[in-house]
Structures are given as structure tokens and as C-alpha cells.
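Read the structure below first, then the notes.
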Amino acid sequence: MFAEHAPAFEDRLPGTQTSFTTVFNMYYKRLCLYAYQFVKDESFAEDLVQECFVKIWTKRDRIDFTAPLTAFLYTVVRNAAYDYIRNKKITTE
């Protein structure tokens, strides 16, 4: 549903804080729900998504923004959640 209407990042982001804020507001809640499925902690899921957006913003000049926006964001959040789970598992063993 959302993928059909999701433009490439290049249409939304490059360097403008206003467009980045628009993307954040548009996807934040959905991404938090998605992250929660992995980490099972609402507060941490919110932190994880915020950290993902910070990384995207700070590395925006090195990221290829030709991928569809929705797929890119969900992939970043999923990978961050997997990293958290992997690190949590290592520290508990």
C-alpha cells in the first residue's frame, strides 16, 4: 500500500531539514511499531527508530537515496533491531 506512493529518497531528503522532518513525521510511528516487533520494548523501539533517523541525517551525503523510501527506512530499522538483538544475546551469554 505505502510502497506504491513512496517516492525515492532523493525526492524528499537531500540536505533539507524541512523535508527530513516531513519524512520523520510521516514514518516515525509506523517504524516504532515495526521495531517493537523485534525488541519487545516500546521505549527502546522509539529510541532505536530515533537513532536510525539520526544516522540517516548525519550520513545523508554518503547514502544513495535512489531506493524507495519505505523499503530503505524499514531495512535500516530492521538491521538496527537485529544488531541490538545480536549484541544483547552476546552480553547475556
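Computed from the coordinates by the stated procedures, all read-outs in this text should not be read as laboratory data. Predicted model, so just to flag it, every value in this text is computed and none were measured. Every residue, glycine among them, receives a Cβ derived from its backbone with ideal geometry; neighbour counts consider all protein chains shown.
Principal axis extents for region 37-77, Cα atoms only, whole Å, descending order, please.
31, 19, 9
Distance from a point 7 Å along Cα→Cβ of Tyr28 to each backbone N in region 50-93: keep the residues under 20 Å and list them by number.
50-60, 69-78, 80-81
Radius of gyration and Dmax for region 19-93's Cα atoms, expressed in Å?
Answer for region 19-93, Rg first and Dmax second: 12.7, 43 Å.
Describe numerically, in nm with one decimal, the distance between label points set 7 Å from Cα along Cα→Cβ at Gln50 and at Tyr82.
2.6
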